[in-house]
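Data first, discussion second: the structure below is written as structure tokens.
The values are calculated or read from the model by the stated rules, or taken from the named source; none is laboratory data. Small disclaimer: the values here were computed from a predicted structure and weren't measured. Neighbour counts are summed over all protein chains in view; Cβ atoms, including those assigned to glycine, are modelled from backbone coordinates with ideal geometry. Surface areas here come from the heavy atoms of the whole protein model, side chains and all, with no ligands, DNA or RNA. Shrake-Rupley method; radii C 1.70, N 1.55, O 1.52, S 1.80 Å.
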Amino acid sequence: MAKMEKEQARVLSQEMLAAGIYSMWIQTQAADTAKPGQFISMYTTDGSKLLPRPISICEINKEESMLRVVYRIAGQGTKEFSTMQAGDTIEIVGPLGNGFALKEGKNVLIGGGIGIPPMLALAKALKKDVTVVLGYRDSNLFLKEEFEPYAKVVIATDDGSVGTKGNVIDAIREEELEADTLYACGPMPMLRGVKAYAEEKDILAQVSLEEKMACGIGACLGCVCQSKEKDSHSHV
């Protein structure tokens, strides 16, 4: 297991994309080795909050050692992050997680809610034959326009205000999308739907599991998910 050390990253910019959803660019050495689908752990300055907050990587700029994270305020930790401004520093560890394995052929990227941001880094990395299916609650389509230079964009909304009324699988069926590989990040019910669809269509699928983290490196096993095969590290 790679040794991970805390780093003081510098906040370059911050903006609110939608109600409760923020975008932050930071300067960090983690950008040098980061891959689409990975995340960083971000620490608050509150000593009573020992555990970091895992935040997925939205964009990677290796040339300038910059990472972008897009996150939703979910508690006091992320609320603190939202108050940070350019010039502030934030303690982080990363990059963490396995990331996606890039495949040739037709790629369909599926993001739901706050699982949408990591799909942007992936769309930029894949470069061609990319369709992205984004699932939102309503017409508040954060990041949608930023995907458009890199992929065909398909929208599903719970309330039917934009695109397909329903979930991402409903949109895939309605648009009759074909794929060699599916990549997905989002809430667990959505990922179960992606898994079932991939099995039905005999398509390779890679899913990024958004779990509550403690250490972020697999040592404490707090984020373990059961799989069909026994994992050599966790023995689950």
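Each row is one residue, and each column tells you yes or no for (1) surrounded by fewer than 20 Cβ atoms within 10 Å (Cβ to Cβ); (2) in a helix (DSSP H, G or I).
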{"residue": "Leu17", "(1), (2)": "yes, no"}
{"residue": "Ala30", "(1), (2)": "no, yes"}
{"residue": "Asp46", "(1), (2)": "yes, no"}
{"residue": "Val70", "(1), (2)": "no, no"}
{"residue": "Thr78", "(1), (2)": "yes, yes"}
{"residue": "Ala86", "(1), (2)": "yes, no"}
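With respect to the conditions (1) without any contact (Cβ under 8 Å) to a residue 24 or more places away in the chain; (2) open to solvent by less than 50 Å² (accessible area, probe 1.4 Å); (3) not β-branched (Val, Ile, Thr), Asn61 lacks only one, and its number is (1). Only one of the listed residues (Ile90, Ile110, Ile116, Ile73) is touching a Lys or Arg at 6+ places or on another chain (Cβ under 7 Å) and at negative phi. That residue is Ile73. Note on the range 33-44: among residues that are under 16 Å from Gly99 (Cβ atoms) and in a strand (DSSP E or B), the one that is most open to solvent (accessible area, probe 1.4 Å) is Phe39.
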